[in-house]
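Worksheet: one structure, shown below.
Here, each number is a calculation from the coordinates, and none is a lab measurement. It should be emphasised that the depicted structure is a prediction, and the values quoted were computed from it without experimental measurement. Here the Cβ positions follow ideal geometry from the backbone for every residue, glycine too, while neighbour counts run over all protein chains shown.
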Amino acid sequence: MDERRDVMKILWDNGIFPTTREIDEIMKMGGLSYVMKKIREGKAYEILRKEESKFTIIRGDRDFPAGSGKSESFRKLFLSRYMKIRKILESRVSLSGFVNLDYAIKNESESTIIAMVRDIRDSKYGRILDLEDPSGHIIAYYNGNENIFPDDVIGVKGNIRNGKMYVKEIVYPGVDNVSKKEKVVNSENGIAFISDLHVGSKMFMKENFLKFIDWLNGEKGKNVKYMIISGDLVDGIGIYPGQERDLELNDIFDQYALLSQYISRIKNDITIFMIPGNHDLVRIAEPQPFLGDEIRKMFPANVIFLSNPAYISIEGFNILIYHGTSLNDLMDYIKGIKYENADTMMAELLKRRHLAPIYGNKVPIAPMDEDYMVIEDIPDLFVTGHIHVHKYSIYYGTILLNASAWQKQTEYQKMHNFNPDPCKVTIKFLNKPGLETIKF
Ligand code: FE
Ligand code: ZN
């Protein structure tokens, strides 16, 4: 009898309120140890799940394993990135017959290699690239005008003479570059995309958000069965200079408690996926793990906490979710790009098959043995947030979406001359191509 009581207490603490019959089921499944295991794994939402699950979390509900030590891990991280992206490039017909760099250097002829860009600079001869693969490195000259970022892994075709390479063509792992049709699924259900709530900030647009919740709970929102929030759930503390002045709540736990109050108003047949962003209570280095137990237990059981990035499939429709911190870095490397061109930047990420391609700029990268920021599969929809604009387009059949925020312009943003485009909800109906946008 005691175990039943303990199970009940733990479930209540986690915002799950089972019926007597459900408790019977849980006891059959293994009682307390079953419940504890699910909670430890961050899968409390599975405890009461009766019907066959309509979504799969492909990547994003496990903690990332620690690396094997700082400098050793960075070496392994870059090797992992190189190998993962090389595997994608190997399937490109135009790169068949590629060779190791040491072999190409010895043979001094027309060669195809797969290399990482270790350094890049402009010169009067065009761009000079320092290319490297596990067997060696070479200085290469290139006159093309594609965007090349440091640390890009690319296929390179060219001539080698006197230990230098004269590049003719660069191949990105990218997408297949054939116009593919957008995926549609035989389901009336819809997914709502929002981002960057920044609850706890004085600029959080409470009234607009409440209007959205009413819409969701009402007749018009009845087909929306899922919601995805791409990070910056709360405003956090100590994120930027002078943030104290912008905060309504200066305790981060109070901020999450308030967020939970809003989220709990949403009808519980909507499954809500949340990833953290740079304002949330997890390490800032990417990939970011999902939020800790002390936060998760404040929320109802229809909320699923995922890591940043995460990759999920909803009724067969595959979605890559990333907060978008690296978009700021891309701004420094793409000439003439504006925040409003979020989709162009997202296409650059997809083209590189990497979510944070530039190392050592603003996005801190965690030292790990495996690179989890590689985009291993092309999603049907790729969503980010972070830059507080609303933009979407289609890139070779993949929908690129920067989901809108719920925060008014801050003094800090004003200082940086940045105008957000808040309170827009994007809905993806699974049986229709394209997206619908509603402004609240
Ligand atoms: Fe944000
Ligand atoms: Zn952010």
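Restricting the chymotrypsin sites (Phe, Trp or Tyr not before Pro) of the stretch 205-258 to loop positions (DSSP other than H, G, I, E, B) with no more than 15 neighbouring Cβ atoms within 10 Å leaves nothing. Residue separation of Asn145 and Arg5 scaled by 0.36 nm, minus their Cα-Cα distance, works out to 43.7 nm of gained length. For the stretch 290-440, just say rounded, prolate or oblate: build the C-alpha gyration tensor, square-root its eigenvalues into a ≥ b ≥ c, call rounded for a/c under 1.5, and beyond that prolate if a/b exceeds b/c, oblate if not. Rounded. Computed over the chain with a Gaussian network model linking Cα atoms closer than 10 Å, the most mobile of Phe305, Phe317, Phe193 is Phe317. Looking at the stretch 12-113, the GluC sites (Glu not before Pro) that sit in a DSSP loop and have at most 14 other Cβ atoms within 10 Å of their own Cβ are Glu41, Glu51, Glu52, Glu108. Could you tell me whether the stretch 176-241 comes out rounded, prolate or oblate from its Cα gyration tensor? Rule is a ≥ b ≥ c as square roots of the eigenvalues, rounded for a/c under 1.5, then prolate if a/b exceeds b/c, otherwise oblate. Note, shape of the stretch 176-241 comes out oblate.
In sequence order, the stretch 234-242 has phi-based couplings of 10, 7, x, 9, x, 7, 9, x, x Hz under the Karplus curve 6.51 cos²θ - 1.76 cosθ + 1.60, θ = phi - 60°, and Gly or Pro positions carry x. Computed extension gain for Asp130 through Ser179, at 0.36 nm per residue and net of the alpha carbon distance, reaches 14.4 nm.
Counting each DSSP H run of 4 or more residues in the chain as -39500 (n - 2.57), what helix-only mean residue ellipticity at 222 nm follows after dividing by all residues, to the nearest 500 deg cm²/dmol? Numbers along the way, then the final one.
Values: 11 runs with 114 residues, N = 440.
Taken over the chain, the calculation gives -7500 deg cm²/dmol.
How many angstrom lie between the C-alpha centres of the stretch 318-334 and the stretch 254-295? Each part's Cα centre sits 20 Å from the other's. Of the residues Gly242, Gly292, Gly158, which exhibits the maximal mean-square fluctuation in a Gaussian network model of the chain defined by a 10 Å Cα contact cut-off? Maximum among the listed residues: Gly242. Compared with the alpha-carbon gap, the fully stretched path from Asp293 to Lys168 is longer by 39.7 nm at 0.36 nm per residue. Legend: calculated FRET efficiency, Ile334 to Met27, from the Cβ-Cβ distance at R0 = 35 Å, rounded to 0.05, equals 0.05. For Gln288, the residues whose amide H sits under 5 Å from its own are Asn308, ignoring neighbours fewer than 5 places away on the same chain, with H placed 1.01 Å from N.
Close Lys pairs in the stretch 1-156 (alpha-carbon distance under 29 Å; sequence gap of 8 or more, or different chains): 25. Per-residue Karplus couplings for the stretch 267-281, computed as 6.51 cos²θ - 1.76 cosθ + 1.60 with θ equal to phi - 60°, are listed in order as 4, 7, 8, 9, 7, 10, 9, 10, 10, x, x, 6, 8, 8, 8 Hz, Gly and Pro entered as x.
Amide H to amide H, with H built 1.01 Å from N, Lys432 comes under 5 Å of Val185, counting only residues 5 or more places away or on other chains.
Please work out whether the stretch 62-185 counts as rounded, prolate or oblate from its C-alpha gyration tensor, where a ≥ b ≥ c are the square roots of the eigenvalues and a/c under 1.5 means rounded, while otherwise a/b larger than b/c means prolate and anything else oblate?
Working: a/c = 1.73, a/b = 1.20, b/c = 1.45.
Here the stretch 62-185 falls in the oblate category.
Proximity of backbone amide H atoms, modeled 1.01 Å from N, is registered between Val234 and His198, Val199 at under 5 Å, excluding neighbours fewer than 5 places apart on the same chain. The distance from the alpha carbon centre of the stretch 214-234 to that of the stretch 7-32 is 27 Å, rounded to a whole number. Given the C-alpha centroids of the stretch 91-169 and the stretch 348-422, what is the distance between them in whole angstrom? So the separation of the two Cα centres works out to 28 Å.
Phi-derived couplings, Karplus 6.51 cos²θ - 1.76 cosθ + 1.60 at θ = phi - 60°, listed residue by residue for the stretch 381-392: 9, 10, 10, 10, x, 6, 9, 6, 10, 10, 7, 8 Hz, with x used for Gly and Pro.
Quote the relative contact order of the chain in percent (integer), defining contacts as alpha-carbon pairs under 8 Å separated by 6+ residues. Can you show the working numbers first?
Details: 944 pairs, mean separation 83.6, N = 440.
Result for the chain is 19 percent.
Take the Cα of Lys202, step 7 Å toward its Cβ, do the same at Tyr103, and the gap between the two points is 6.5 nm.
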